[in-house]
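See below for the structure under consideration.
The values are calculated or read from the model by the stated rules, or taken from the named source; none is laboratory data. Predicted model only: the values in this text are computed from it and were never measured. Note that we place each Cβ from the backbone using ideal geometry, even for glycine, and neighbour counts take in every protein chain shown.
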Amino acid sequence: MLARLKRNWLYLAIAAVIAFFIVIPFGWFLGQYTTLMIFIGIYTIVTVGLCLLMGYTGQVSLGQAAFFGMGAYISAILTTTSGFNPWLAMLIAAVITGAFAYIIGYPIFRLKGNYLAMATLGLGLIMWILFKQLNQSFGEPDGISGIPYLSIGGFAFDSSFRMYFLVWAFCLAVLLISQNIVRSRTGRALRAIHGSEAASESIGINVVRVKVKILVLGAVYASLAGSLFAHHLRYVGAQPFDFLASVKLVVMAVIGGLASIWGAIFGAGTTHILSDEILLRFGDWDVVVYGLILVLVMIFMPEGLFVKLKEVFERLRLRYRRKGVEP
Amino acid sequence: MSRSAILETRGLSKAFGGLVALDKVDLSIDTGKITAVIGPNGAGKTTLFNLITGVYPVSSGEIYFQGALLNKVPAHKRASLGIVRTFQHVYLFGNMTVLENVMSGRHPRSSYGFLEAALRLPKARREEETISLNATKYLNLVGLGTYAEHDALSLPLGQQKLLAIARALATEPRLILLDEPGAGLNTLEKRQLSDLIRNIREMGISVVLVEHDMPLVMGIAEWVIVLDSGQKIAEGTAAQVQKDPKVIAAYLGEEVE
């Protein structure tokens, strides 16, 4: 009885959150934040892949922006120069990026810890340089423009309002899929690898293969996000996929709580608003303030801001309930 | 090759650079028995386990498991063949609950993959149910059923070691290798451990243990193999080995000529 009541409350809360997300882009509500929310949705998709890789499997990637950029650039090039259907281009981008992650996965996961971080960092830098070259080959010196809108039949996602729903539909799908994976046999294998690789091998987990698989999944997520990014802005340049972008993605994952799928929304949201809205007011000091916030988060809540907030909320709830029970 | 052996090694050697950790060791582990491998520190006991489970490649010699050559089988495939081990340093998965640790031991005995997991297809749900049932069974077997939802590392060391054994048993092994299962346990826990090991043998699983605790070894081992400086210096029943002058010398550090 009590359990059912509790479950009903949970459903009600979920319904409220969904309703909230649905009304955000309406002018009379938070319409002015629609574009901001689109970026947060796109970054959430990338961050979830990074959470699976770093938080669950314990493998660092300082080059996740490379996969993000591959999605954006492959979509941009295929649709502008070869007239591909945007959806087909998005699919091709995801397949190529996934295959690329698969191929580099085996050699890269011979490395661990700091060495893995260095290798992925190198990957990010190489791809960033490649993106800059692609600008010159396929577009203008600074980027590729004239990317078409995504559309279904005659319905074009040609406004932020429409794009918002598309991006968050993708985001929701990615979150649900990731949550299913985390709670499965594969999810246990991921966490087992994080816990002890020796013990994982001993109980029959193919450690390298599982790592490569999760890298590929994260790369596909990032690629899809990149394609959405390209079709939303209708222009891509190399700057959003540079080294700092990779760092920003790691920060998003850390703030959301590395081992927390839904925290990714929170991490992506906080970090994006912080770096692209609030910190701009500090002028040249933005990097200092940014760094300070990061250091404080790592010292006081290494498990992530989102997880910490959840804990605090839980504690308050318990205290409240105890008071309620006492005569 | 004797028919009753579950595991045999022939001329098994392992060198780390110039250091010879195991030197042409011939062993035969009987099916369905409890075998102890003893020897002073640095005798090569853990190296032997690492070779059998594929952590290191063999330098020379062969390992046969149930008559089939094991040398080239990758480490992660040996669990599904039926070889599993525990570790001296326990190596539990600290980011999981007690039950989840045992559930991860069902990995080689379940098959649903990425896609089925991602979409939570019926196969995934069905297998997940079986995994959880089986895991609970093995958790109860080692007497930790009531701690299922606790964090694995919140258990005291003795129970952590039992949990590691439950995780290993969940893979349904034919042969289980226990690396110093008694280290750090108190008298009561050691008695429980002995009972559990006998229990495992009753299940038809062959047991090999590396152990420093002599009373524990003498109490349960049906066959004892003694290693020293990477070589097998003696084997026999516990009573025979204890009287062997070479064994006594190895432990007391005398020269035998």
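If residue A:274 satisfies all but one of (1) within 14 Å of chain B (Cβ to nearest Cβ); (2) surrounded by fewer than 21 Cβ atoms within 10 Å (Cβ to Cβ), what's the number of the condition it fails? Here residue A:274 meets the rest and fails (1). Here residue A:191 fulfils each of the conditions (1) in contact with a helix residue (DSSP H, G or I) (Cβ under 6 Å, 6 or more places away or on another chain); (2) away from every other protein chain (no Cβ under 14 Å) apart from (2).
Among the listed residues B:193, B:185, B:216, B:227, identify the single one that is in a strand (DSSP E or B) and under 20 Å from residue B:87 (Cα atoms). Break it down stepwise before answering.
Numbers: B:193 fails: in a strand (DSSP E or B); B:185 fails: in a strand (DSSP E or B); B:216 fails: in a strand (DSSP E or B).
It is B:227.
If only one of B:79, B:36, B:21, B:15 is assigned to a strand (DSSP E or B) and more than 24 Å from residue B:251 (Cβ to Cβ), which one is it?
Working: B:79 fails: assigned to a strand (DSSP E or B); B:36 fails: more than 24 Å from residue B:251 (Cβ to Cβ); B:21 fails: more than 24 Å from residue B:251 (Cβ to Cβ).
Matching residue, one of B:79, B:36, B:21, B:15: B:15.
Per-residue answers, yes or no, for (1) within 14 Å of another protein chain (Cβ to nearest Cβ); (2) in contact (Cβ under 8 Å) with a residue 24 or more places away in the chain; (3) buried (at least 21 other Cβ atoms within 10 Å of the Cβ):
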{"residue": "B:15", "(1), (2), (3)": "no, yes, no"}
{"residue": "B:30", "(1), (2), (3)": "no, yes, no"}
{"residue": "B:51", "(1), (2), (3)": "yes, yes, yes"}
{"residue": "B:66", "(1), (2), (3)": "no, yes, no"}
{"residue": "B:85", "(1), (2), (3)": "yes, yes, yes"}
{"residue": "B:89", "(1), (2), (3)": "yes, no, no"}
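Filtering the range B:131-145 to residues that are among the polar types (S, T, N, Q) and either within 24 Å of residue A:176 (Cβ to Cβ) or in contact (Cβ under 8 Å) with a residue 24 or more places away in the chain (or both) leaves B:132, B:134, B:136. Only one of the numbered conditions (1) within 19 Å of the chain's Cα centre (by Cα); (2) over 28 Å from residue B:54 (Cβ atoms) is violated by residue B:247, and that is (1). For the range A:194-241, the set of residues classified as more than 9 Å from chain B (Cβ to nearest Cβ), surrounded by fewer than 21 Cβ atoms within 10 Å (Cβ to Cβ) and in a loop (DSSP other than H, G, I, E, B) consists of A:234 only.
Residue B:221 meets each of the listed conditions (1) surrounded by 22 or more Cβ atoms within 10 Å (Cβ to Cβ); (2) over 22 Å from residue B:5 (Cα atoms) apart from (2).
Looking across B:109, B:120, one residue alone is within 14 Å of chain A (Cβ to nearest Cβ) and touching an Asp or Glu at 6+ places or on another chain (Cβ under 8 Å). It is B:109. Exactly one residue out of B:210, B:217, B:247 is of a type in the set (A, V, I, L, M), modelled with pLDDT under 90 and under 22 Å from residue B:41 (Cβ atoms): that is B:247.
Among the listed residues B:157, B:162, B:177, identify the single one that is closer than 22 Å to residue B:35 by Cα, of a type in the set (A, V, I, L, M) and in contact (Cβ under 8 Å) with a residue 40 or more places away in the chain. First the steps, then the outcome.
Working: B:157 fails: closer than 22 Å to residue B:35 by Cα; B:162 fails: in contact (Cβ under 8 Å) with a residue 40 or more places away in the chain.
Criteria check complete, one pass: B:177.
Does the range B:36-44 include one or more residues that are free of Cβ contacts under 8 Å to residues at least 12 places away in the same chain, more than 25 Å from residue B:216 (Cα to Cα) and more than 17 Å from the chain's Cα centre (by Cα)?
Applying the first criterion (free of Cβ contacts under 8 Å to residues at least 12 places away in the same chain) to the range B:36-44 yields B:41.
Going one step further and asking which of them are more than 25 Å from residue B:216 (Cα to Cα), we end up with none.
No: zero hits.
Kindly indicate whether residue A:256 is small (Gly, Ala, Ser), more than 17 Å from the chain's Cα centre (by Cα) and farther than 30 Å from residue A:158 by Cβ. No: the conditions fail for residue A:256. For residue A:170, state whether it is closer than 30 Å to residue A:138 by Cα, more than 9 Å from chain B (Cβ to nearest Cβ), in contact with a Pro (Cβ under 9 Å, 6 or more places away or on another chain) and assigned to a helix (DSSP H, G or I). No. Just a yes or no: is a residue in the range A:124-139 touching a residue at least 24 places away in the same chain (Cβ under 8 Å), in contact with a strand residue (DSSP E or B) (Cβ under 8 Å, 6 or more places away or on another chain) and part of a loop (DSSP other than H, G, I, E, B)? Yes; the residues of the range A:124-139 include at least one that is touching a residue at least 24 places away in the same chain (Cβ under 8 Å), in contact with a strand residue (DSSP E or B) (Cβ under 8 Å, 6 or more places away or on another chain) and part of a loop (DSSP other than H, G, I, E, B).
Tell me whether the range B:71-81 contains one or more residues that are out of contact with any strand residue (DSSP E or B) (no Cβ under 6 Å at 6 or more places or on another chain), touching a residue at least 24 places away in the same chain (Cβ under 8 Å) and on the phi > 0 side of the Ramachandran plot. Taking every residue of the range B:71-81 in turn, none turns out to be out of contact with any strand residue (DSSP E or B) (no Cβ under 6 Å at 6 or more places or on another chain), touching a residue at least 24 places away in the same chain (Cβ under 8 Å) and on the phi > 0 side of the Ramachandran plot. Per the conditions (1) crowded, with 18+ Cβ neighbours inside 10 Å; (2) without any contact (Cβ under 8 Å) to a residue 12 or more places away in the chain; (3) more than 7 Å from chain A (Cβ to nearest Cβ), the sole criterion not satisfied by residue B:98 is (2). Taken together, B:98, B:90 contain a single residue that is more than 25 Å from residue A:213 (Cβ to Cβ) and modelled with pLDDT of 95 or more, which is B:98.
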